[in-house]
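Heads up: the structure comes next, in structure tokens.
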Amino acid sequence: MENLFSVRMRAAKENDGDERGIHISGGEGLRLYHQIQELAEELLQKALTHERGKPDTIHLSIEKVKENPVFVPPISIKNHEANTVEGGREVACQLLRNIGISENSIQSALQHMKKPKSIRGAALIDEVSGLRLDQRGDKGVRVSRMDWDVESLRFMQKSDSSLVHQRAIEASALANKVAFYPEVVAELCWSDDPGYTTGYVTGQGIYHRIPCLKESGNASGGRVFFIRHDVQNIEDLIHRLERQPVLIGWEKKAFE
Ligand code: PML
Ligand code: MG
Ligand code: MG
Ligand code: MG
């Protein structure tokens with residue numbers, strides 16, 4: 001039985017008045033000791049060559065995970081079609097309506113996603129009122145300590161061609177962790193990277209990949225989690241989103 005390590009990177013550009021700077025890129029994974037170097041190098045490469053620009057600070061943190069990870073079986077993936085941003089966003093909005101998210105909340109999420117200064121983590125909003133529930137401002141909630149179980153990913157890749165793209169692999173690991181919590185009804189995401197225009201909606205056990213969620217060249221994006229209206233303890237949910245180690249897949253082995 002081997003220990004797992006959480007390997008995390010965040011890169012930022014300096015910005016007067018904001019000690020954490022402007023977000024450039026982030027990434028992470030859960031790996032065994034002998035795999036740390038490989039992932040750390042990949043993440044450093046990602047930070048140094050990112051299309052959002054050259055960072056002034058790069059934080060790389062490597063930490064032994066002390067809790068046993070929870071295995072979360074992956075949700076299914078559905079690929080949608082759209083040729084225009086209007087069309088892509090309409091697909092996203094219709095999916096959110098079908099999941100039961102209110103029109104107020106959908107509009108509030110879109111306003112958030114269109115902000116020119118995208119936040120580093122996710123915004124948590126009420127599924128009915130659309131009001132922001134976390135108190136994290138520009139930082140948002142960074143979902144952390146999750147990764148695909150490698151064998152489960154290989155298995156999923158046999159039936160789903162979208163899981164060959166590194167982006168889709170990383171984003172779906174995060175989306176699977178988020179969808180696992182019953183307090184989260186749905187998620188809307190598109191990248192803040194100007195060149196990447198595919199995003200997704202998750203809800204009711206499906207990761208819906210949607211092309212054309214923004215114009216190429218646009219650096220606005222992020223994540224919104226729609227939270228059940230009756231959730232009392234938002235801080236407890238935030239703690240699990242940030243700290244609970246989760247492997248996406250089916251359990252075959254145990255870690256000590
Ligand atoms: C990001 O990298 O910032 C988010 C990417 C979301 C879309 C991932 C996919 O292609 O499925
Ligand atoms: Mg990212
Ligand atoms: Mg859920
Ligand atoms: Mg990004």
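The values are calculated or read from the model by the stated rules, or taken from the named source; none is laboratory data. Given the structure is predicted, the values throughout are model-derived calculations rather than measurements. All Cβ positions, even for glycine, are placed from backbone atoms using ideal geometry, and neighbour counts span all protein chains on display. When the accessible area is computed, the model is the full protein with side chains, heavy atoms only, and any ligands, DNA or RNA have been set aside. Shrake-Rupley method; radii C 1.70, N 1.55, O 1.52, S 1.80 Å.
Observations on the structure shown:
- Number of the exception - Arg228 against (1) within 14 Å of ligand 1 (Cβ to nearest atom); (2) closer than 23 Å to Gln107 by Cβ: (1)
- Consider segment 148-186 and keep the residues that are acidic (Asp, Glu) and open to solvent by 60 Å² or more (accessible area, probe 1.4 Å). The one that is farthest from ligand 2 (Cβ to nearest atom) is Glu151.
- All conditions but one from (1) farther than 29 Å from Lys66 by Cα; (2) within 16 Å of ligand 4 (Cβ to nearest atom) apply to Glu127; the one that does not is (2).
- Subset of segment 215-236 (residues that are surrounded by fewer than 22 Cβ atoms within 10 Å (Cβ to Cβ) and either under 16 Å from the mean Cα position of the chain (by Cα) or closer than 30 Å to Arg31 by Cα (or both)): Ser220, Gly221, Ile234, Glu235, Asp236
- Checking each residue in segment 82-114 for being outside any helix (DSSP H, G or I) and either surrounded by fewer than 16 Cβ atoms within 10 Å (Cβ to Cβ) or at positive phi (or both) picks out Asn83, Thr84, Gly100.
- Candidates Cys189, Cys212, filtered to the one that is at pLDDT 95 or above, on the phi > 0 side of the Ramachandran plot and buried (at least 17 other Cβ atoms within 10 Å of the Cβ): Cys212
- Test result for Lys252, in a loop (DSSP other than H, G, I, E, B), of a type in the set (Lys, Arg) and buried (at least 22 other Cβ atoms within 10 Å of the Cβ): no
- Failed item, numbered, when Glu28 is tested on (1) of a type outside the set (Phe, Trp, Tyr); (2) surrounded by 20 or more Cβ atoms within 10 Å (Cβ to Cβ); (3) touching a Gly at 6+ places or on another chain (Cβ under 9 Å): (3)
- Segment 31-67, residues that are surrounded by 12 or more Cβ atoms within 10 Å (Cβ to Cβ) and assigned to a loop (DSSP other than H, G, I, E, B): His50, Arg52, Gly53, Pro55, Asp56, Val65
- Selection of segment 220-243 for residues being part of a loop (DSSP other than H, G, I, E, B) and in contact with an Asp or Glu (Cβ under 7 Å, 6 or more places away or on another chain) yields Ser220, Gly221, Arg228, His229, Val231.
- Looking across segment 192-204, the residues that are in contact with a Phe, Trp or Tyr (Cβ under 9 Å, 6 or more places away or on another chain), more than 13 Å from ligand 2 (Cβ to nearest atom) and open to solvent by less than 20 Å² (accessible area, probe 1.4 Å) come down to Val201, Gly203.
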